[in-house]
Amino acid sequence: MAEETAAPSEGEAKPAPKGPKGIILILGLVVGLLAGAAGGLFALGPMLAKKSGYVAASAETAEHEAEEGSGEASHVGEGADGEAVSTIYTLDNIILNPAGSGGTRFLMLATAIDAKDATVVEQMKARDAETRDVLLRVMGSKTVEELADMQRREAIKKELADSLGTLFKKGAIRRVYFPQFVIQ
């Protein structure tokens, strides 16, 4: 008696390919999706943040920022002589590697610094490189766990305000805000 091999009928599905080809296909798909998400984060994230109002407080300040670029004051008040006085200085698109991450993780943030008066904002503009350096030093010394812990966020803001206060006169920095804070 000869054994017959059963051929798959027309209605049955063929089994999925096994082996390295299937794994490579799945890995390629996952890597492609991750690359697309990272590209979207870097390309569209800052634009969407500005449009949604996280960075700009009003239409007037959004227009002012578009004219002046990043690193400009964004809160407008009125001075004694009736002129507009800006008291918040923003630093956009700061990207750094947290401590202990070995370069495999990053933090992307925007920082808004509420200054005592417009003269401090002018000083921040003039000392932009030093201001960014202090921000990078303080935030880069934190681990991913410290940055991700919401309960520590206020302490980090206070430490940053104190560190920035060494660049300017005492009491010049009122408060620090993080309108954009992404850990990847």
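The values are calculated or read from the model by the stated rules, or taken from the named source; none is laboratory data. Everything numeric here is computed off the predicted structure, so don't read it as measured data. Cβ sites come from the backbone with ideal geometry, for glycine too, and all protein chains shown count toward neighbours.
Out of everything in the range 93-109 that is outside any strand (DSSP E or B) and surrounded by 14 or more Cβ atoms within 10 Å (Cβ to Cβ), what residue ends up being nearest to the chain's Cα centre (by Cα)?
So in the range 93-109, the residues outside any strand (DSSP E or B) come out as 97-98, 100-106.
From the residues that got through so far, the ones that are surrounded by 14 or more Cβ atoms within 10 Å (Cβ to Cβ) too are 97-98, 101, 105-106.
Working: Asn97: 12, Pro98: 13, Ser101: 17, Arg105: 12, Phe106: 9 Å.
Here the answer is Phe106.
Look through the range 146-161, keep the residues that are of a type outside the set (A, V, I, L, M) and exposed (fewer than 13 other Cβ atoms within 10 Å of the Cβ), and return whichever of them is nearest to Thr119 (Cα to Cα). Walk me through it before giving the result.
Just the residues of the range 146-161 that are of a type outside the set (A, V, I, L, M), to begin with: 146, 149, 151-154, 157-159.
In the following step, the residues that additionally are exposed (fewer than 13 other Cβ atoms within 10 Å of the Cβ) were identified as 151, 154, 158.
Details: Gln151: 33, Glu154: 26, Lys158: 22 Å.
This residue is Lys158.
Please enumerate the residues belonging to the range 110-145 that are under 16 Å from the mean Cα position of the chain (by Cα), in a helix (DSSP H, G or I) and farther than 17 Å from Asp92 by Cα.
Across the range 110-145, the qualifying residue is only Val144.
Please find, within the range 155-184, the residue that is farthest from Val121 (Cα to Cα) out of those that are in a strand (DSSP E or B) and hydrophobic (A, V, I, L, M, F, W, C).
Of all residues in the range 155-184, those in a strand (DSSP E or B) come to 173-183.
Within this subset, residues satisfying the condition of being hydrophobic (A, V, I, L, M, F, W, C) are 173, 176, 178, 181-183.
Values: Ile173: 10, Val176: 13, Phe178: 17, Phe181: 22, Val182: 26, Ile183: 28 Å.
Going through the qualifying residues, I end up with Ile183.
How do the pairs read when you match residues in the range 146-163 that are closer than 12 Å to Phe178 by Cα with residues anywhere that are part of a helix (DSSP H, G or I), using Cβ under 6 Å and keeping only pairs 6 or more apart or on different chains?
These pairs meet every condition: Leu160/Val138.
Give me the pairs, please: first residue somewhere in the range 102-120 and at positive phi, second residue anywhere and surrounded by fewer than 20 Cβ atoms within 10 Å (Cβ to Cβ) and among the polar types (S, T, N, Q), beta-carbon distance under 7 Å, and either six or more positions apart or on two chains.
Gly103/Asn97
Looking at the range 158-175, can you tell me whether even one residue there is over 21 Å from Ile88 (Cα atoms) and not hydroxyl-bearing (Ser, Thr, Tyr)? Give the steps one after another, and end with the answer.
The first filter runs over the range 158-175 and keeps only residues over 21 Å from Ile88 (Cα atoms), leaving none.
No, the range 158-175 contains no residue that is over 21 Å from Ile88 (Cα atoms) and not hydroxyl-bearing (Ser, Thr, Tyr).
Take the conditions out of contact with any Pro (no Cβ under 9 Å at 6 or more places or on another chain), modelled with pLDDT under 90, of a type in the set (Lys, Arg) and farther than 22 Å from Ala38 by Cβ and apply them to Lys169. Does it pass?
Details: out of contact with any Pro (no Cβ under 9 Å at 6 or more places or on another chain): yes; modelled with pLDDT under 90: yes; of a type in the set (Lys, Arg): yes; farther than 22 Å from Ala38 by Cβ: yes.
Yes: the conditions hold for Lys169.
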